[in-house]
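Below is one structure, written out as structure tokens, with a few remarks after it.
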Amino acid sequence: MNSAFASFLPVLEKMAADKIEITKQNILNSPLLLMGRSSGLEMFYSPHNEYINYDAPVVIAGITPGWQQMRAALIQFLHSYNQGKTLHQVLKETKEAASFIGSMRINLVKMLQSCGLFDVLHISANSLFSEHRHLLHTTSIVKYPLFRSGKNYTGYQPVLQRVPALHTYLNEVFPNEMEAIHTTKLIIPLGKVVDQEIQRLMKEKQITNAYCLSGFPHPSGANGHRQRIFSRNKGMYKSVIQEWAQMRSD
């Protein structure tokens, strides 16, 4: 149990007991889950990145959880906790419920199917987030949700690397999490900022035993360049996936 989870578990338990409605107004305008403020950003606690699938061959990494993920995580955590399940099971179910939900997951699955990931895994496209969830670990380079004026933080304004309070997440928490996954992993970075950080960490040998789909576009529907970038780089993605699959089979 890490220190953040240990600190916020009593808060989550009280939220479960009080049956607090999970709305943006109730959560982001309350100090209950506030972890800190820095450089115009607010960090809030969410439990869905506490569970780590150490055996996952595929890792999908975003920049930071957004409100939609945070809300889904809190709802699932409180539901599972009130059912009397073990904390391990509660956190596992929370992770599965909140991982890139909505249209973002739909777009992501379509792209990964198009570049052949599911063929080399020998699974159907939609099963990666369901019956074959054991093959996947989802995470963020900044573990907890960040907001600027109540809106999801995108890595800019301020620039991610220029926020000293986040350096521990970038240089310790995230690479340590990647190294704890002991497979030859395929990392899929969602967006330019995430890609740049992962490339830096791999170059500095802080992330090892990994292949990366560098340049993979963010699957958000708001990313108007998504299809153009994907079409331009799809051949490269296919090659990396085939090389990674060959390495796994050797």
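The values are calculated or read from the model by the stated rules, or taken from the named source; none is laboratory data. Because the structure is predicted, anything quoted here is derived from the model rather than measured. Methodologically, a virtual Cβ is constructed for each residue, glycine included, from the backbone with ideal geometry; neighbour enumeration extends over all protein chains shown. Protein only, heavy atoms only, side chains kept; ligands, DNA and RNA dropped before computing areas. Shrake-Rupley method; radii C 1.70, N 1.55, O 1.52, S 1.80 Å.
Considering only the range 21-44, how many residues are open to solvent by less than 50 Å² (accessible area, probe 1.4 Å), over 28 Å from Met178 (Cα atoms) and not in a helix (DSSP H, G or I)? Result for the range 21-44: 3.
For (1) within 13 Å of the chain's Cα centre (by Cα); (2) of a type in the set (A, V, I, L, M, F, W, C), each residue gets a yes or a no:
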{"site": "Pro65", "(1), (2)": "yes, no"}
{"site": "Ser99", "(1), (2)": "yes, no"}
{"site": "Asp119", "(1), (2)": "no, no"}
{"site": "Leu136", "(1), (2)": "yes, yes"}
{"site": "Ile141", "(1), (2)": "yes, yes"}
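Of the residues making up the range 226-239, just one is open to solvent by less than 30 Å² (accessible area, probe 1.4 Å) and modelled with pLDDT of 95 or more, namely Tyr237. Per the conditions (1) on the phi > 0 side of the Ramachandran plot; (2) out of contact with any strand residue (DSSP E or B) (no Cβ under 8 Å at 6 or more places or on another chain), the sole criterion not satisfied by Gly40 is (2). Filtered by the rule that a residue be outside any helix (DSSP H, G or I), of a type outside the set (S, T, N, Q) and buried (at least 22 other Cβ atoms within 10 Å of the Cβ), the range 117-142 gives His137, Ile141, Val142.
Of the residues making up the range 178-190, just one is crowded, with 20+ Cβ neighbours inside 10 Å and in contact with a Lys or Arg (Cβ under 8 Å, 6 or more places away or on another chain), namely Met178. Based on what the data block shows, is Lys92 open to solvent by 10 Å² or more (accessible area, probe 1.4 Å), basic (Lys, Arg) and in a helix (DSSP H, G or I)? In short, yes.
Per-residue answers, yes or no, for (1) surrounded by fewer than 17 Cβ atoms within 10 Å (Cβ to Cβ); (2) under 30 Å from Phe8 (Cα atoms):
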{"residue": "Gly150", "(1), (2)": "yes, yes"}
{"residue": "Asn171", "(1), (2)": "yes, yes"}
{"residue": "Glu197", "(1), (2)": "no, yes"}
{"residue": "Leu201", "(1), (2)": "no, yes"}
{"residue": "Asp250", "(1), (2)": "yes, no"}
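Could you please let me know if Pro47 is open to solvent by less than 10 Å² (accessible area, probe 1.4 Å), under 25 Å from Met178 (Cβ atoms) and in contact with a strand residue (DSSP E or B) (Cβ under 9 Å, 6 or more places away or on another chain)?
Spelling it out, it is not the case that Pro47 is open to solvent by less than 10 Å² (accessible area, probe 1.4 Å), under 25 Å from Met178 (Cβ atoms) and in contact with a strand residue (DSSP E or B) (Cβ under 9 Å, 6 or more places away or on another chain).
Among the residues of the range 95-113, those that are of a type in the set (A, V, I, L, M, F, W, C), surrounded by fewer than 19 Cβ atoms within 10 Å (Cβ to Cβ) and not in a loop (DSSP other than H, G, I, E, B) comprise Ala97, Ile106.
The set of residues in the range 1-20 that are more than 28 Å from Gln157 (Cβ to Cβ) and open to solvent by less than 30 Å² (accessible area, probe 1.4 Å) comprises Phe5, Leu9, Leu12, Met15, Ala16. Of the residues in the range 191-202, not one is modelled with pLDDT of 95 or more, in contact with a Lys or Arg (Cβ under 9 Å, 6 or more places away or on another chain) and either part of a helix (DSSP H, G or I) or of a type in the set (A, V, I, L, M, F, W, C) (or both). Residues in the range 204-225 include none that are surrounded by 19 or more Cβ atoms within 10 Å (Cβ to Cβ), in a helix (DSSP H, G or I) and in contact (Cβ under 8 Å) with a residue 24 or more places away in the chain. Considering the range 50-88, the residues that are without any contact (Cβ under 8 Å) to a residue 24 or more places away in the chain and among the small types (Gly, Ala, Ser) include one that is surrounded by the fewest Cβ atoms within 10 Å (Cβ to Cβ), namely Gly84. Can you say whether Leu166 is assigned to a helix (DSSP H, G or I), of a type in the set (A, V, I, L, M), within 21 Å of Val109 (Cα to Cα) and open to solvent by less than 10 Å² (accessible area, probe 1.4 Å), as far as the supplied structure shows? Answer is no for this residue.
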